[in-house]
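Written out below as structure tokens is the structure these notes cover.
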There are 2 protein chains.
Amino acid sequence: MAYFDSASSAPLHPVARQALVASLDEGWADPARLYREGRRARLLLDAAREAAAEAVGCRPDELVFTPSGTRAVHSGVAGALAGRRRVGRHLIVSAVEHSSVLHAAETHEADGGTVARVAVARTGSVSASSYAEALRDDTALACLQSANHEVGTAQPVAEVAEVCRAAGVPLLVDAAQSLGWGRVDGDWSVLTASAHKWGGPPGVGLLVVRKGVRFSVQGPADERESGRAAGFENIPAIVAAAASLRAVRAEADAEAVRLRELTERIRARVPSLVPDVEVVGDPERRLPGVVTFSCLYVDGETLLHELDRAGFSVSSGSSCTSSTLTPSHVLRAMGVLSEGNVRVSLPMGAVEEDVERFLSVLPGAVAAVREKLGAPVSAAEVSVAKSAEEGVLVVDALGRRCPIPVIELAKVIGDVPVGGTVRVLSDDEAARLDIPAWCEMRGQEYVGEEPAERGSAYVVRRAR
Amino acid sequence: MAYFDSASSAPLHPVARQALVASLDEGWADPARLYREGRRARLLLDAAREAAAEAVGCRPDELVFTPSGTRAVHSGVAGALAGRRRVGRHLIVSAVEHSSVLHAAETHEADGGTVARVAVARTGSVSASSYAEALRDDTALACLQSANHEVGTAQPVAEVAEVCRAAGVPLLVDAAQSLGWGRVDGDWSVLTASAHKWGGPPGVGLLVVRKGVRFSVQGPADERESGRAAGFENIPAIVAAAASLRAVRAEADAEAVRLRELTERIRARVPSLVPDVEVVGDPERRLPGVVTFSCLYVDGETLLHELDRAGFSVSSGSSCTSSTLTPSHVLRAMGVLSEGNVRVSLPMGAVEEDVERFLSVLPGAVAAVREKLGAPVSAAEVSVAKSAEEGVLVVDALGRRCPIPVIELAKVIGDVPVGGTVRVLSDDEAARLDIPAWCEMRGQEYVGEEPAERGSAYVVRRAR
């Protein structure tokens, strides 16, 4: 059994566990109180702040502990926007930010602000020039993740920070995925992170606001954590977060080399082990432990179940696995295949044997899902009809979820002559992404999407 | 050494510790994931929710876990107000609510809403009729604590809930101080609580919203905890919170009898052990473990230091102890003496011997502070001058902090004839409360407050 989803939540680091348990007896009192128990709690809190600040590379009084990374992002975005309200209400985010950033942006929009969403390359990376183009006179804040949580692509934070600095716009960096690996380079203004992503306990986020950055706390007043994180301090968890960050950092360089080799192995071998696979994300500029790929003709949820039964815990950005019915906004923004998506994110300490076993199990798991999905599609469910005009086939996949529309397209493409077209009728959100991606993988021509009575018609021309 | 400040934060209950440590290994994964580790985390979270709901007396789907009691209050107030925005923007709170409620009310006011602050009796209690009078057609929400955190007075929640229900207005009950002792009676709509107040770990609050209550979550969207508490779930702490609430409840009835007897002992004996003391709060309708008193001519911070050195950890609502320079809003609303204020809040398991030792140490500690404060006041620092008019003394205590203004008043009252007046010039916020309180305790007549060149002049007529 192997847990390969540390990008969601890392198993608790032994140092975190130890520090948490040790500080339960010393860290429960109110650190604002002047008596013995309060002073003891205050000492623990101060020491943790110093350790965390050292790891981040900031002054202790620039860093506060929040109840989660999400809360750090929400408070950081709201506070930075409010601090520059006089300048304007324009916010820049990348299209592939974590949902906490995107939701904060939506709230800003609902409140009358404007948001620019910077597009990414097919690797998932933004460019500094895109940020430069997005900057306006009324831009209050720009946000950029240090690395993407779904595909592992590292972002050019230092370059983007430079562009923002030149324009006098603060840059908020969501460092949730990378802080365990090292400090964030560049001249950022606000930084957020989440302890459970580096093996710290749940219940602790970091919010760092550089001195001189205009910041206006939103929400009800609270005297704790410089007024930036309301609520009683969770000192045992804070101590554990700081201690584990330091411990993880001590192992980070060596572990990065090791995990990078293991994920490189997956990147390199999956395409030859499994037919019709697209490995996504930047092959070089990426997190050491993350590798993501998508498999044609596969339902992500079923594949996750197959892999779970084989002892592997991974996650997926396929719409098929989520309750929202839309594929991951990251895969959409990248324009890559979303069906049969698998993210492998190795925790520190992941062992080679487990990776090898994963590679040996994966082809069978994918094949099993494909067999299951390929077989039960009966003619009654999907009607294929020649239209009056010769060389045009219509596939009615309405009401069918991914990957069925793509599977049906693949089945009939040979039935039209080269130069002929197939119109796939689908009301599944994933089709919009997966049919063009299939065309690219298969060397067929994607003509475009047309409105239809229900859903859309996706038109594909047979090119070979 | 005895910790008598459980109303700030209770020491971790052994069951909480045990449950927290036990669930560290099972509760770190994302409960939204479908693989083994996620399913295990989900089971823990579901079981904790059921246990907490049973203790509160609500349905599990009415209860969410927040990162703190403060966050529960902030979210609860904002959500309930927004849910009834169409009705109006009038909010009712008592004048003695916890600062988290009052700060949420201030935010509402700053955003254009209106707030009524219901006055309390000298015991600290509100009346249902005051709430009835405060209700308006545009009242969106009323808030009332189940019991006061500074003086222990229990509030008539069921009666106030009935009045609100009759008017169709939801009542939010801040049950932070009482939930460990039992369910909150009455037909409330929203309830909040904080685990570290009952011996649970920090990092967990409860927010309960009854079915049918209009509630509109504010802030950025987040899919967790029914959308009502953003951020990754702190499952080990949540498990510990629920387990300890159950454990504490099992002991509550017997412990309430025992602690009530111990606090009754303090209530009864402090006035005879220490001269010039006012015991505050309702003597009957109160929390079992809390007793609060104020000592004339005493600086609260110095007294806390004396008691800390003697091995007792207590807190104080005196302005002298806080960085805000204003005395506790609770004592102010009650109109009782604020100087030399001490709150004793016994944790469950507090032992009789410690209480007896506290009673034996207290008189000496108070006497020491009084001696220290009485001695250094030199004629050069406080000038006393007979005015032209016979029988009027002016005491200039400008720039002096409590309890000096009251000490100076007490020193000179004998210098004017019966019927004569003393004008105390003071710019200390506490004087506004403490000079009238002194008059009441001493049987002197408080004439009133008049504007002065700096600060205020407090006029006292010698009555005996």
Point to revise | Rg/Rh for the stretch B:69-206, where both radii come from Cα atoms and Rh is the Kirkwood radius | key: 0.94
Point to revise | Chain A residue with Cβ closest to the axis mapping A onto B, distance in whole Å | key: A:PRO67, 2
Review point. Near the amide H of B:SER68, under 5 Å away, which other amide H atoms are found, from residues 5 or more places off or on another chain, if H is placed in the peptide plane?
Key: B:GLY205
Review point. What whole-number value in cubic angstrom gives the convex hull volume per residue for the C-alpha atoms of the stretch A:383-461?
Key: 82 Å³
Check your understanding: Summed for both chains, how many Å² of accessible area, to the nearest 100, are buried between A and B with a 1.4 Å probe?
Key -> 4700 Å²
Check your understanding: Considering the stretch B:288-375, what Rg and Dmax in Å follow from its alpha-carbon atoms?
Key -> 12.9, 40
Practice item. Round to a whole angstrom and tell me the spacing of the C-alpha centers of the stretch A:9-73 and the stretch B:1-52. Key: 18 Å
Exercise for review: For A:GLN177, list long-range residues whose amide hydrogen, built 1.01 Å from N in the peptide plane, is under 5 Å from its own amide hydrogen.
Suggested key: A:SER146, A:ALA147
Check your understanding: How many percent of the accessible area of chain A is carbon or sulfur, using a 1.4 Å probe?
Key -> 51 percent
Review point. Can you list the residues of the stretch A:213-246 whose accessible area drops by at least 30 Å² going from the chain on its own to the full set of protein chains, with a 1.4 Å probe?
Key: A:PRO220, A:ALA221, A:ALA230, A:PHE232, A:ASN234
Revision key, fill the gap. To the nearest Å², the heavy-atom accessible area per residue of the protein assembly as shown with 1.4 Å probe amounts to 37 Å²
Check your understanding: Given 10 °C and 1.306 mPa s, how large is the Stokes-Einstein diffusion coefficient of the protein assembly as shown in µm²/s, with Rh as the Kirkwood radius over Cα pairs?
Key -> 52 µm²/s
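Relative to the Cα centre, what is the charge dipole magnitude of the protein assembly as shown, using +1 at the beta carbon of each Lys and Arg, -1 at the beta carbon of each Asp and Glu, and rounding to the nearest 20 debye?
Details: 100 positive and 122 negative charges, 5 e Å.
Charge dipole of the protein assembly as shown: 20 debye, to the nearest 20.
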**Study point:** Positive-pole candidate from A:VAL118, A:ALA140, A:GLY38, dipole of the stretch A:11-248, charges at beta carbon
**Key:** A:GLY38
Study note, to complete from the structure: Label points for B:ARG265 built 7 Å along Cα→Cβ; distances to same position in the other copies, nm, shortest first, come to 6.8
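Taking the Cα centre of the stretch A:259-374 as origin, sum charge times position over the Cβ atoms of Lys and Arg (+1) and Asp and Glu (-1), and report the length of that vector in debye to the nearest 20.
Computed charge dipole of the stretch A:259-374: roughly 200 debye.
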**Study point:** Whole-Hz ³J(HN,Hα) from phi, Karplus 6.51 cos²θ - 1.76 cosθ + 1.60, for the stretch A:288-300, glycine and proline x
**Key:** x, x, 10, 9, 10, 9, 10, 10, 4, 6, 10, 8, x
Study note, to complete from the structure: Beyond 37 Å, the calculated P(r) of chain B holds a percent of Cα-Cα pairs equal to 34 percent
Practice item. Obtain the nm distance between the two label points defined at B:SER360 and B:ARG269 by a simple spin-label model: each point lies 7 Å from its Cα along the Cα-to-C-beta direction. Key: 1.0 nm
Revision key, fill the gap. Inter-copy distances for B:GLY335, label 7 Å out on the Cα-Cβ vector, sorted ascending, nm, one decimal, are 7.5
Check your understanding: What are the radius of gyration and Dmax of the stretch A:161-203, computed over its Cα atoms and given in Å?
Key -> 12.2, 38
Review point. How many angstrom lie between the C-alpha centres of the stretch A:396-464 and the stretch A:214-267?
Key: 44 Å
Study note, to complete from the structure: Sorted shortest first, the nm distances from the B:ALA167 label point (7 Å along Cα→Cβ) to its counterparts in the other copies are 5.0
Practice item. Assign unit charges at the C-beta atoms only (+1 for Lys and Arg, -1 for Asp and Glu), then state the dipole size of the stretch A:121-175 relative to its Cα centre in Debye, rounded to the nearest 20. Key: 80 debye
Check your understanding: Hey, what's the Kirkwood Rh for the stretch A:11-248 if you take every pair of different alpha carbons, in angstrom?
Key -> 17.9 Å
Study note, to complete from the structure: Here, trypsin sites (Lys or Arg not before Pro) of the stretch A:47-115 satisfying both criteria (DSSP loop; at most 16 other Cβ within 10 Å) are A:ARG85, A:ARG86
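Test of understanding: given chain B, find the longest segment containing no GluC sites (Glu not before Pro) that are in a DSSP loop and have at most 11 other Cβ atoms within 10 Å.
B:1-283
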Practice item. Could you tell me the convex hull volume per residue, in Å³, taken over the Cα atoms of the stretch B:16-113? Key: 152 Å³
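Quick check for the protein assembly as shown: number of Lys pairs with alpha-carbon distance under 20 Å, counting only pairs 8 or more apart or on different chains?
4
The values are calculated or read from the model by the stated rules, or taken from the named source; none is laboratory data. Please read these numbers as outputs of a predicted model, since none were measured by experiment. Neighbour counts are summed over all protein chains in view; Cβ atoms, including those assigned to glycine, are modelled from backbone coordinates with ideal geometry. Areas reflect the complete protein model, heavy atoms only, side chains present, ligands, DNA and RNA absent. Shrake-Rupley method; radii C 1.70, N 1.55, O 1.52, S 1.80 Å.
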